[in-house]
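Down below is the structure, laid out as structure tokens.
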Amino acid sequence: MPKYIFVTGGVCSSLGKGIAAASIGNLLKASGVKVFTQKLDPYLNVDPGTMSPFQHGEVFVTDDGAETDLDLGHYERFIDEPLSKLSSTSTGQIYQEVLDRERKGDFLGGTIQIIPHITDEIKKRIRDAAKKSKCDVMLCEIGGTVGDIEGQPFLEALRQLRHEEARGNTLFVHLTLLPYLKSSNELKTKPTQLSVKLLQSMGIHPDLVLARADEKIEKKHLLKISRFCDVEPEAVIPAPTVKSIYEVPLNFHKHRLGETIFRKLNLKYREPNLKEWEEMIKRIQTSTEEIKIGLAGKYNELDDAYISVIESIKSASFYHKRKAKVVWIDTEKIETNDVKEWKKLHQVNGVVVPGGFGVRGTEGKILVAQYCREQKIPYLGLCLGAQIMAIEFARNVAEIKNATSEEFSPKARNKVVHFLPDQHEKRSKGGTLRLGSWPCKVLKDTHAYHAYKTELIQERHRHRYEFNNAFKKQLESKGLIFSGISPDRELMEIVEVKDHPFMVGSQFHPEFKSRPNRPHPLFREFIKAAL
Ligand code: GLN
């Protein structure tokens, strides 16, 4: 029988609920527990695939091609277990399923209601994920903040689930904020008390409270929360802001969080093995020398839009005992010859051109790629960044006039990157995006092979356009190497420039498989070249 841990958030959003949930998972896994994670998102979108990065940050892609919330990236990085479609559910998906069944007549003329039909579907999805993943502990994070209208059906479903499961099989963790008041120089616990009361009024009694604050949290605050929220003293855990998010599991461990969870779930406690994680934290703390990496994306200064890319750059840098400083390069300003922006580009040790959709800023990205190729600056292109690299090479080395992508200019003559409708029908069941994990064969004696050290790899995709094979020979004869190709030899997956310290681009997104303690080989070699 799986056990369930539910993580809710109170007082306000952006407290790091995903990181808290991921850190709990990290500790449990380190104690030998098989953990599976799930994010329940109360918004109405079916998935975040079509949401703007301004709204929602990065879309994280799983092996089986689910387009999910960026919190799944935290789960995979902290827990290092591949997730799937089962790990992500939204109100949109729940209603879609229930309404489809209603149309089919499954409810035999009954009235469809939030309770029981919507709540039943929510419980079913949680239990399905637990069963199919064969986990010992199912960790569910509920998006949003307690008190949001759209979150209520989820909380009601969890309240029911707790009663239906055997005693001691469910655990509620509530993450809240202790705001700091400068005038009185103290942290306040009242918002936490009110948030817990709100949960209790919905029939949910949190077993653990994680208290967030930027300032030092004192024993008296924890005791006060314990007293007023009716949570035992050991179960109120301080969660102060830390320098690196990866310190959070160690901080929880210091406060015996794992032990409390095991006890409350009637599991026999096993000390977690945190040796490797602790070594990683030590490396993070002692890597002080900087390396400057340019990030030439479209959403300037919007960390969340590129969170997996930034984490990959950071962890690959820590691997080489360097601290990465990400320098945002605004390619629209590069296009207009903005002196300051070019100067920023001239100062970096390497450039990443991340994924993206649409034409905005792409001419500037092509200029960035040209600069990196000519000046032999290490360059890593991720999906769109790889397509940009091929277009630049086609224009300026192979002299293919106005080479471009079908995405930027549908009617152009020389589409070096184009749409392959039948490819996608064959591969992704009629959808127009190639999603999820696809195999790729790596060519020997290339940068890619040197990084992977293996011939067959699996990487995650999320794109519509592909390299146009009609230009393959011409580009190869000029020194572009297709160093990764699908096993059926139809799709070009990795490109690199010959005789360059490191100019590599991949149609896939290596950032989704990079881990803080195991940076992705392409990022690792890119940073090495940048050093
Ligand atoms: N827009 C490009 C495509 O659809 C690249 C997508 C991406 O970078 N993920 O192929």
Original post:
What pairs can you find where one residue is in region 382-410 and within 13 Å of the ligand (Cβ to nearest atom) and at pLDDT 95 or above, the other is assigned to a loop (DSSP other than H, G, I, E, B) and aliphatic (A, V, I, L, M), and their Cβ atoms are less than 6 Å apart, with a gap of 6+ or different chains?
Top reply: Ile391/Ala403; Thr404/Ala412; Phe408/Val359
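Name the residues in region 451-463 that are surrounded by 15 or more Cβ atoms within 10 Å (Cβ to Cβ) and either more than 16 Å from the ligand (Cβ to nearest atom) or of a type in the set (Lys, Arg) (or both), would you? Let's see the steps before the verdict.
First pass over region 451-463, keeping only residues surrounded by 15 or more Cβ atoms within 10 Å (Cβ to Cβ): 451-452, 457, 459-463.
Once the filter is applied, which keeps residues that are surrounded by 15 or more Cβ atoms within 10 Å (Cβ to Cβ) and either more than 16 Å from the ligand (Cβ to nearest atom) or of a type in the set (Lys, Arg) (or both), region 451-463 yields Ala451, Tyr452, Ile457, Arg460, Arg462.
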**OP:** Could you tell me whether any residue of region 281-291 is among the β-branched types (Val, Ile, Thr) and either exposed (fewer than 14 other Cβ atoms within 10 Å of the Cβ) or at positive phi (or both)?
**Re:** yes
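Tell me which residues, restricted to region 355-376, are assigned to a helix (DSSP H, G or I) and either within 16 Å of the ligand (Cβ to nearest atom) or surrounded by 24 or more Cβ atoms within 10 Å (Cβ to Cβ) (or both). Write out each step before concluding.
Residues of region 355-376 that are assigned to a helix (DSSP H, G or I), as a first pass: 362-375.
Correct list: Thr362, Glu363, Gly364, Lys365, Ile366, Val368, Ala369, Cys372.
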**OP:** Check Ile204, Ile217 and return the single one that is surrounded by 13 or more Cβ atoms within 10 Å (Cβ to Cβ), of a type outside the set (S, T, N, Q) and more than 24 Å from Val242 (Cα to Cα).
**Re:** Ile204
Original post:
Mind checking which residues of region 293-327 are touching a Leu at 6+ places or on another chain (Cβ under 7 Å), touching a residue at least 60 places away in the same chain (Cβ under 8 Å) and closer than 22 Å to Val368 by Cα?
Top reply: Gly294, Tyr306, Ile307, Val309
**OP:** For region 337-350, state whether one or more residues are in contact with a Phe, Trp or Tyr (Cβ under 8 Å, 6 or more places away or on another chain) and among the aliphatic types (A, V, I, L, M).
**Re:** yes
Original post:
In region 220-246, which residues are out of contact with any Leu (no Cβ under 6 Å at 6 or more places or on another chain) and either buried (at least 18 other Cβ atoms within 10 Å of the Cβ) or on the phi > 0 side of the Ramachandran plot (or both)?
Top reply: Leu222, Lys224, Ile225, Cys229, Asp230, Val231, Pro238, Ile245, Tyr246
**OP:** Starting from region 45-58, keep only residues that are in a helix (DSSP H, G or I), then list their pairs with residues that are acidic (Asp, Glu) whose Cβ atoms are within a distance under 6 Å, requiring at least 6 positions of separation or different chains.
**Re:** Pro48/Asp69; Gly49/Glu67
Original post:
Of the residues that make up region 338-346, is at least one touching a residue at least 40 places away in the same chain (Cβ under 8 Å) and closer than 25 Å to Lys528 by Cβ?
Top reply: yes
**OP:** Of the numbered conditions (1) more than 12 Å from the ligand (Cβ to nearest atom); (2) over 20 Å from Ala412 (Cβ atoms); (3) surrounded by 23 or more Cβ atoms within 10 Å (Cβ to Cβ), Gln347 fails exactly one; give the number of that condition.
**Re:** (3)
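So that you can scan it fast, the table gives a plain yes or no per residue for (1) in a strand (DSSP E or B); (2) more than 15 Å from the chain's Cα centre (by Cα); (3) of a type in the set (Ser, Thr, Tyr); (4) within 22 Å of Ala305 (Cα to Cα):
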{"residue": "Ala22", "(1), (2), (3), (4)": "no, no, no, yes"}
{"residue": "Leu27", "(1), (2), (3), (4)": "no, yes, no, no"}
{"residue": "Phe78", "(1), (2), (3), (4)": "no, no, no, yes"}
{"residue": "Glu81", "(1), (2), (3), (4)": "no, no, no, no"}
{"residue": "Leu86", "(1), (2), (3), (4)": "no, yes, no, no"}
{"residue": "Gln96", "(1), (2), (3), (4)": "no, yes, no, no"}
{"residue": "Arg101", "(1), (2), (3), (4)": "no, yes, no, no"}
Original post:
Yes or no: Ala129 under 22 Å from Gly32 (Cβ atoms) and in a helix (DSSP H, G or I)?
Top reply: yes
Original post:
Can you find even one residue in region 301-310 that is surrounded by fewer than 20 Cβ atoms within 10 Å (Cβ to Cβ) and part of a loop (DSSP other than H, G, I, E, B)?
Top reply: yes
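For (1) under 30 Å from Pro519 (Cα atoms); (2) touching a residue at least 24 places away in the same chain (Cβ under 8 Å), each residue gets a yes or a no:
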position	(1), (2)
Asp69	yes, yes
His74	yes, yes
Glu81	yes, yes
Gly92	no, yes
Leu99	no, no
Original post:
What is the residue count in region 430-439 for residues that are within 16 Å of the ligand (Cβ to nearest atom) and assigned to a strand (DSSP E or B)?
Top reply: 5
**OP:** Could you check Tyr180 against (1) over 20 Å from Ala22 (Cα atoms); (2) touching a strand residue (DSSP E or B) at 6+ places or on another chain (Cβ under 6 Å); (3) surrounded by 22 or more Cβ atoms within 10 Å (Cβ to Cβ) and say which number it fails?
**Re:** (3)
Original post:
For Val495, which of the numbered conditions (1) hydrophobic (A, V, I, L, M, F, W, C); (2) farther than 18 Å from Ser315 by Cβ; (3) away from the ligand (no atom under 16 Å from the Cβ) fails to hold?
Top reply: (3)
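The values are calculated or read from the model by the stated rules, or taken from the named source; none is laboratory data. Only a predicted model underlies this, so the values are computations on that prediction, with no experimental measurement involved. Using ideal geometry, Cβ is built from the backbone for each residue, glycine included, and neighbour counts are taken over all protein chains shown.
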